[in-house]
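Just below is one structure, and these are the notes that go with it.
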Amino acid sequence: MDKLRVLGGARLTGVARVTGAKNSVLKLMAAALLAPGTTSIREVPDILDVEIMARLLRRLGADVGHDRAAGVIEVTVPELLGHQADYDLVRRMRASVVVLGPLLTRTGAADVAMPGGDAIGSRGVDFHVAGLVKMGAEITSEHGFIVARAPSGLIGATIWLDFPSVGATENLLMAAVLARGTTVIDNAAREPEIVDLAHMLRSMGASIDGVGTSTLVVDGVQSLRPVSHVAVPDRIVAGTWAIGAAMTKGDVTITNVRCEHLEIVLDKLVSAGAMVEAVDGGFRVQATDRLRSVDVVTLPFPGFPTDLQPMVIALNSVADGAAMVTENVFENRFMFVNEMVRLGADIRTDGHHAVVRGRPTLSGAPVVATDIRAGAGLVLAGLVADGVTVVTDATHIDRGYPDFTTQLRQLGAQVDREVDQAE
């Protein structure tokens, strides 16, 4: 496992350009399975999760070319696909389960291992399965696999999601585009990454109404065509740099990002005392004084994103005052709080609430990244801690942030990566 050594005291300054969103690109790659031929996706981040998804698609019979320097993925899909997504890949990344819908609607069969990934909550696949069953699929669980069959194809249905699950919305949307008849997905998730997926599917020839709303209406078509698509910018990476700039009393301009995807995050930074201004293709965040604490409640989009919750806890840990952070999406997202406490943070948790009392400074210490976003949050905390913070299991961060160490250095941070030589 790699680890990052972070020397506290640096101000983040400069320009950070954001690439395509991890949470979109992985689903766009899965959507390529719906159309024989070559689909091209641009603005692809050079991260570990993209490579894992590429391996999975190759296992299913597709040819995947990845030009890392250009940020381009090309997925060439054969007429006949495999339908088994094995545990050795799916366990490494929960997003792998989104091949379930495309495989089932395209081939009539899908054997997908139960997903793994970050330890931030159960995030079962019940919503995915229940929706596909309504569309006529026969689904069982055998030997750790979701075994799905629809030999006569899927049929349109009206599906109500008890929770606006992003993964379930994506899986059902991709399944519906080739189903017979009309599918209505009510209480659908509205994240920008779902809108991006819907736009790509429309370009492929799908008929989808209600994009960006909580009700998606999909009229199934007989076939789709491959396309070239530019992924939506990564709002979580952009939000991470924005919070980091404010925490370190820095001055960072984030480019290739859409301000409307981060409205509530930027509003919170302004409430905390940072200065935020829109610039061409992005926004600029500056802070000169110690920030004020801000209460945050995580919710599905357009609410405050759960993926930025660790960063706002880090911000509140050094802000003036006390704040309540409420986590409504993932029950285990506070797992990293114990690591923040090792850095001297004053945090008390009770169920899905955390009370954070800000301190003038934190103290560097060895900590462990439990997931992608927790790792990034701990690094931001290390930037405002006294001394050196060592973040182990840093490969988690690599799953969501391209060139994380390089970008931090370019912004003025003193961060080094080394291989953990633990016995």
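Every read-out reported here was derived from the displayed coordinates using simple, explicitly stated rules and does not represent laboratory data. Since the structure is predicted, the reported quantities are computational estimates derived from the model, not experimental observations. Neighbour counts are summed over all protein chains in view; Cβ atoms, including those assigned to glycine, are modelled from backbone coordinates with ideal geometry.
The calculated P(r) of the stretch 22-230, using every Cα pair and 5 Å bins from 0, goes 1, 8, 17, 22, 23, 17, 9, 2, 0 in percent.
Scanning residues 5 or more positions from Val15 or on other chains, those with amide H under 5 Å from its amide H are Thr253, with H placed 1.01 Å from N in the peptide plane.
Backbone N atoms of the stretch 54-91 closer than 20 Å to the 7 Å Cα→Cβ label point of Asn256 belong to residues 54, 65-75.
Determine the relative contact order of the stretch 22-230: mean sequence separation of Cα pairs under 8 Å and six or more apart, normalised by residue count, in whole percent.
Values: 471 pairs, mean separation 42.6, N = 209.
Relative CO of the stretch 22-230 lands at 20 percent.
Label-to-label distance for Arg91 and Ala130 is 2.9 nm, based on points extended 7 Å past Cα in the beta-carbon direction. Peptides 405-411, 314-320, ordered by how many other C-beta atoms sit within 10 Å of their residues on average, highest first, read 314-320, 405-411. Note on the chain: helix-only mean residue ellipticity at 222 nm, from DSSP H runs of 4+ residues weighted -39500 (n - 2.57) and normalised by residue number, equals -8500 deg cm²/dmol.
Given their separation in residues at 0.36 nm each and the Cα-Cα distance between them, Met275 and Val419 gain 48.1 nm when the chain is fully extended. Placing a label point 7 Å from the Cα of Arg357 along the Cα-to-Cβ line, the residues of the stretch 315-335 whose backbone N sits under 17 Å from it are 316-325. Extension gain for Met114-Arg68 works out to 13.6 nm (0.36 nm per residue, less the C-alpha to C-alpha distance). Of the GluC sites (Glu not before Pro) found in the stretch 31-85, those in coil by DSSP whose Cβ has at most 10 other Cβ atoms within 10 Å are Glu79.
Tell me the relative contact order for the chain as a rounded percent, counting alpha carbon contacts under 8 Å between residues six or more apart. Before the final figure, lay out each step's value.
On the way: 1075 pairs, mean separation 88.9, N = 423.
Relative CO of the chain lands at 21 percent.
The GluC sites (Glu not before Pro) of the stretch 307-390 meeting both criteria, a DSSP state outside H, G, I, E and B (loop) and at most 16 other C-beta atoms within 10 angstrom of the site's C-beta, are Glu331.
The distance from the alpha carbon centre of the stretch 263-285 to that of the stretch 219-258 is 15 Å, rounded to a whole number. Comparing Val75, Val15, Val98 in a Gaussian network model of the chain, where Cα atoms under 10 Å apart are tied by springs, the biggest mean-square fluctuation is seen for Val15.
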